[in-house]
Amino acid sequence: MTRALLALDHAQCLRIDKDPQGAADMATDVWNELPTGFRTGLVQTRAEALRNALTGRPRAQLTEVLSF
């Protein structure tokens, strides 16, 4: 779970550095690799915060992934 949180923080950095698609791709990979039981709490909160900060296609991609 710690690695997932670090990767989501890295994804936020990508977004801030003007790479929203890279951020969405990284967050998507992290989310898909996590066991279902770890897709809660702080991990979910960070993923949703990233999604809310994105727009357009990257936001739609992350919204779709987080809905499963």
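Note: relative contact order over the chain, using C-alpha pairs below 8 Å and six or more positions apart, is 37 percent. Stretching T63 away from T36 to a fully extended chain increases their span by 8.1 nm, per 0.36 nm per residue minus the current alpha-carbon distance. Element breakdown for the chain at a 1.4 angstrom probe: carbon and sulfur atoms account for 55% of the accessible area. Which value in Å does the Kirkwood hydrodynamic radius of the chain take, with 1/r averaged over all unlike C-alpha pairs and then inverted? One over the average 1/r among Cα pairs gives 11.4 Å for the chain. Based on protein heavy atoms only, the chain ends up with 62 Å² per residue of surface accessible to a 1.4 Å probe.
The values are calculated or read from the model by the stated rules, or taken from the named source; none is laboratory data. The structure presented is a predicted model; accordingly, all values stated were derived computationally and were not measured. With ligands, DNA and RNA removed, areas are computed over all heavy atoms of the protein, side chains included. Shrake-Rupley method; radii C 1.70, N 1.55, O 1.52, S 1.80 Å.
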